[in-house]
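Colleague: Okay, here's the structure, questions in a sec.
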Amino acid sequence: MKRYLIVGYSAVAAKVIPELVVDGDVTVLDRSERKLNTVMISSRLHAVSGNILHEDVIREIKDGSYDYILALTDSDRTNMLLCKALKTAATTTVALVHDMDTYQALRTLHQEMGIDKMVGSLNDVAQAVCHLVSDNLNYQSETFGLGKIEVTGHRVLARDGFDGKAIQTIDELKTLLVVGVTQGGELVIPGGDHVVHAGDYLYLMGLKRDILSFKNNHFHLSSKGPEDLLIVGSDHLATRMATFFENYHVNVVDDGEGVLELRHRYDHVFAKKTLLKGGEFLKSYPKDTVLLLTPLDEQNILLGLVAKTLGYKKVIVKVSDESYYTIVDGMQFTSVVNAEDIIAKRLVQSIHAERNVSVYMAFNGQAQVMEFQLPDHSWLEGRRLKDVGVPEGILIGGIIRRDKTAVIPRGGTGFEAKDTLIVFYSVEAQQTLHDFITGKGQS
């Protein structure tokens, strides 16, 4: 079992921890007891209060032995100093670097400073959004299993012919798994006899080609990448985004004076100060792709709705407050971007290259998708799905075999050594999932 030490209980740390306790023992160190009181302590998750830069605390850490030490405080300087000071206590050190200039400067020097791996918050978020813009598909989705398995959402309309039918009787869903259904603001993980109704929001998992086939029948798809890009907002993220799209016609608008500085910094960017309230400005630009990156979640969501009404092909919305997750998926934006989610995903993948977590779909704030490889000599090996008693709140939606073959499992599907599972689970079932994976209570 791997041992992890996380220094600094930040928003990013809170999102990373659930993915690490799957196969490891995690200790969280922070000077704030108030923060640590929110940590859900378990046999694999420990919280320790202390000044992370105090000599006695550093000495105590050095006396331990960790596979990974993750420096995730809000200070780049602190994260760098911690990696340097604690390098002898860990096989691998990982530093979160917030400032873009610092990240660039350390790219060739980080190992000399005791930092084995770096995650640059602004850089990683910008690159992730860049991928969303460049992707040819303009419906909300997320891929897993080497890009072979996809998760998407679908609002049930009366014209679909699904209203009042049990999932197992709907022919168009035969090749897909309905992993979640949102009804009346609540998300359920359904069985085959679950009846869907007009207005329900379905979360579908399947092979990428099957998802695409379904969407071709129910959604307008674009096969041509966007050439015009409208960025709303002019903070550091928006500014960084502008540098990625030199081959696009980029317009940046904001209601502050800072936006005008972009005119002089980037030749391919046309920047304009304009009134954002009400979204009237959206009528003046090509209806291709819009990135809504203002600091205000409510403003981004409302402008996203206006953009959809006006017919923009891609609407990508930044949302920081997770309380909005209960509504944003149903609005069917192309993607909802949360910076902490993206950074957490990058951190997890810097440790487990084969592991993936969902970041672009909110699942009503009540569920998550995780991809992970079965541990060696797993109790699941050689058993069939219908025989292992998958707990309530958990659905195994996909399997990637050792030979990279993708399988959408049914009851008779067997588990094999080195399988990678794509699992949809409710937030309440997180500990149950960990117990199930490790075979706790199994003979």
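Colleague: So, Ile52, is that one in contact with a helix residue (DSSP H, G or I) (Cβ under 9 Å, 6 or more places away or on another chain), in a helix (DSSP H, G or I), among the hydrophobic types (A, V, I, L, M, F, W, C) and modelled with pLDDT under 85 or not?
Modeller: When the stated conditions are applied, Ile52 does not pass them.
Colleague: Shifting gears a bit: Please go through the range 120-144 and pick out each residue that is modelled with pLDDT under 75 and not in a helix (DSSP H, G or I).
Modeller: Matches in the range 120-144: Asp135, Asn136, Leu137, Asn138, Tyr139, Gln140, Ser141.
Colleague: Can you give me the number of residues within the range 3-49 that are hydrophobic (A, V, I, L, M, F, W, C) and in a strand (DSSP E or B)?
Modeller: The first filter runs over the range 3-49 and keeps only residues hydrophobic (A, V, I, L, M, F, W, C), leaving 5-7, 11-14, 16-17, 20-22, 26, 28-29, 36, 39-41, 45, 47-48.
Still in the running and in a strand (DSSP E or B): 5-7, 26, 28-29, 45, 47-48.
Of the residues in the range 3-49, 9 are hydrophobic (A, V, I, L, M, F, W, C) and in a strand (DSSP E or B).
Colleague: Of everything in the range 221-241, what is of a type in the set (Asp, Glu) and either part of a helix (DSSP H, G or I) or at pLDDT 80 or above (or both)? Give them in sequence order.
Modeller: Initial filter on the range 221-241 (of a type in the set (Asp, Glu)): 227-228, 235.
Of everything in the range 221-241, those that are of a type in the set (Asp, Glu) and either part of a helix (DSSP H, G or I) or at pLDDT 80 or above (or both) turn out to be Asp228, Asp235.
Colleague: Go through the range 31-72 and count every residue that is in contact with an Asp or Glu (Cβ under 7 Å, 6 or more places away or on another chain) and polar (S, T, N, Q).
Modeller: Residues that pass the stated criteria total 1.
Results for (1) assigned by TED's automatic domain parsing to the domain that holds Leu212; (2) on the phi > 0 side of the Ramachandran plot, shown as yes or no for each residue.
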{"position": "Ser121", "(1), (2)": "no, no"}
{"position": "Leu146", "(1), (2)": "yes, yes"}
{"position": "Ile149", "(1), (2)": "yes, no"}
{"position": "Arg159", "(1), (2)": "yes, no"}
{"position": "Lys165", "(1), (2)": "yes, no"}
{"position": "Leu176", "(1), (2)": "yes, no"}
{"position": "Gly184", "(1), (2)": "yes, yes"}
{"position": "Val188", "(1), (2)": "yes, no"}
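Colleague: Looking only at the range 254-302, how many residues end up being among the aliphatic types (A, V, I, L, M), within 27 Å of the chain's Cα centre (by Cα) and buried (at least 17 other Cβ atoms within 10 Å of the Cβ)? Can you show your working first?
Modeller: Within the range 254-302, the subset among the aliphatic types (A, V, I, L, M) is 259-260, 262, 269, 271, 275-276, 282, 290-293, 296, 301-302.
With within 27 Å of the chain's Cα centre (by Cα) added as a condition, the list becomes 290-293, 296, 301-302.
Okay, now just the ones that are also buried (at least 17 other Cβ atoms within 10 Å of the Cβ), so 290-293, 301-302.
Adding up the residues that qualify gives 6.
Colleague: The conditions are (1) modelled with pLDDT of 90 or more; (2) touching a Pro at 6+ places or on another chain (Cβ under 7 Å), and Val390 fails exactly one of them. Which is it?
Modeller: Among (1) modelled with pLDDT of 90 or more; (2) touching a Pro at 6+ places or on another chain (Cβ under 7 Å), Val390 violates only (2).
Colleague: Next question. For the range 164-197, give me each residue that is part of a strand (DSSP E or B) and closer than 20 Å to Gln368 by Cα. Write out each step before concluding.
Modeller: Of the range 164-197, the ones part of a strand (DSSP E or B) are 165-166, 177-183, 186-188, 195-196.
Hits for the range 164-197 are Leu177, Val178, Val179, Gly180, Val181, Thr182, Gln183, Glu186, Leu187, Val188.
Colleague: Counting only residues that are free of Cβ contacts under 8 Å to residues at least 60 places away in the same chain and touching a Phe, Trp or Tyr at 6+ places or on another chain (Cβ under 8 Å), which one in the range 4-25 is surrounded by the fewest Cβ atoms within 10 Å (Cβ to Cβ)?
Modeller: The qualifying residue surrounded by the fewest Cβ atoms within 10 Å (Cβ to Cβ) is Asp25.
Colleague: Moving to a separate point now. Restricting attention to the range 401-431, report how many residues are of a type outside the set (Lys, Arg) and either in contact with a Lys or Arg (Cβ under 7 Å, 6 or more places away or on another chain) or surrounded by fewer than 17 Cβ atoms within 10 Å (Cβ to Cβ) (or both). So that I can check it myself, show each step before the final result.
Modeller: Here is the first cut: in the range 401-431, the ones of a type outside the set (Lys, Arg) are 403, 405-409, 411-417, 419-431.
With the extra rule that they be either in contact with a Lys or Arg (Cβ under 7 Å, 6 or more places away or on another chain) or surrounded by fewer than 17 Cβ atoms within 10 Å (Cβ to Cβ) (or both), the set shrinks to 403, 405-407, 411-417, 419, 427-428, 431.
Total meeting the criteria: 15.
Colleague: While we're looking at this one, here's another question. When you look at Asn247, is it of a type in the set (S, T, N, Q) and closer than 21 Å to Gly311 by Cβ, yes or no?
Modeller: Working: of a type in the set (S, T, N, Q): yes; closer than 21 Å to Gly311 by Cβ: no.
No; evaluated as a whole, the condition is false for this residue.
Colleague: Right, another one. Limited to the range 397-419, what total is found for residues that are under 18 Å from the mean Cα position of the chain (by Cα) and hydroxyl-bearing (Ser, Thr, Tyr)?
Modeller: To start, the set of residues in the range 397-419 that are under 18 Å from the mean Cα position of the chain (by Cα) comprises 397-398.
Narrowing the set further to residues that are hydroxyl-bearing (Ser, Thr, Tyr) leaves none.
Residues flagged as under 18 Å from the mean Cα position of the chain (by Cα) and hydroxyl-bearing (Ser, Thr, Tyr) within the range 397-419 amount to 0.
Colleague: Given the conditions (1) surrounded by 20 or more Cβ atoms within 10 Å (Cβ to Cβ); (2) assigned to a loop (DSSP other than H, G, I, E, B); (3) of a type in the set (Gly, Ala, Ser), and given that Gly147 satisfies all but one, which numbered condition is not satisfied?
Modeller: Answer for Gly147: the failing condition is (1).
Colleague: Go through the residues of the range 292-302 one by one and say whether even a single one is among the acidic types (Asp, Glu), in contact with a helix residue (DSSP H, G or I) (Cβ under 9 Å, 6 or more places away or on another chain), without any contact (Cβ under 8 Å) to a residue 60 or more places away in the chain and not in a loop (DSSP other than H, G, I, E, B).
Modeller: To start, the set of residues in the range 292-302 that are among the acidic types (Asp, Glu) comprises 297-298.
Next, from what is left, pick out any that are in contact with a helix residue (DSSP H, G or I) (Cβ under 9 Å, 6 or more places away or on another chain): 297-298.
Add one more test, that the residue is without any contact (Cβ under 8 Å) to a residue 60 or more places away in the chain, and what stays is 297-298.
The next check asks that each one be not in a loop (DSSP other than H, G, I, E, B); those that pass are 297-298.
Yes; the residues of the range 292-302 include at least one that is among the acidic types (Asp, Glu), in contact with a helix residue (DSSP H, G or I) (Cβ under 9 Å, 6 or more places away or on another chain), without any contact (Cβ under 8 Å) to a residue 60 or more places away in the chain and not in a loop (DSSP other than H, G, I, E, B).
Colleague: Further, regarding this structure: May I ask you to verify whether Val28 is closer than 30 Å to His377 by Cβ and surrounded by 16 or more Cβ atoms within 10 Å (Cβ to Cβ)?
Modeller: Yes.
Colleague: Every residue in the range 1-48 that is touching a Lys or Arg at 6+ places or on another chain (Cβ under 7 Å) and modelled with pLDDT of 80 or more, please.
Modeller: First, the residues of the range 1-48 that are touching a Lys or Arg at 6+ places or on another chain (Cβ under 7 Å): 9, 19, 21, 23-26.
Hits for the range 1-48 are Tyr9, Val21, Gly24, Asp25, Val26.
Here's the yes/no breakdown for (1) touching a residue at least 60 places away in the same chain (Cβ under 8 Å); (2) polar (S, T, N, Q); (3) outside any helix (DSSP H, G or I); (4) outside the structural domain of Ala13 (by TED's automatic domain parsing):
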site	(1), (2), (3), (4)
Asp56	no, no, no, no
Arg59	no, no, no, no
Ile69	yes, no, yes, no
Lys84	no, no, no, no
Thr91	no, yes, yes, no
Leu96	yes, no, yes, no
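Colleague: Moving on. I need every pair where a residue in the range 417-429 that is not assigned by TED's automatic domain parsing to the domain that holds Gly398 has its Cβ under 7 Å from the Cβ of a residue that is of a type in the set (Gly, Ala, Ser) and in a loop (DSSP other than H, G, I, E, B), sequence separation at least 6 or different chains.
Modeller: That search, which allows pairs on different chains as well, returns nothing.
Colleague: Give the range 71-82 a look and list any residue that's of a type in the set (Ser, Thr, Tyr) and not in a helix (DSSP H, G or I), or say none. Before you say what the answer is, go through the steps one by one.
Modeller: Here is the first cut: in the range 71-82, the ones of a type in the set (Ser, Thr, Tyr) are 73, 75, 78.
Listed by number, the residues that qualify are Thr73, Ser75.
The values are calculated or read from the model by the stated rules, or taken from the named source; none is laboratory data. As the structure is a prediction and not an experimental result, all values here were calculated from the model. Cβ sites come from the backbone with ideal geometry, for glycine too, and all protein chains shown count toward neighbours.
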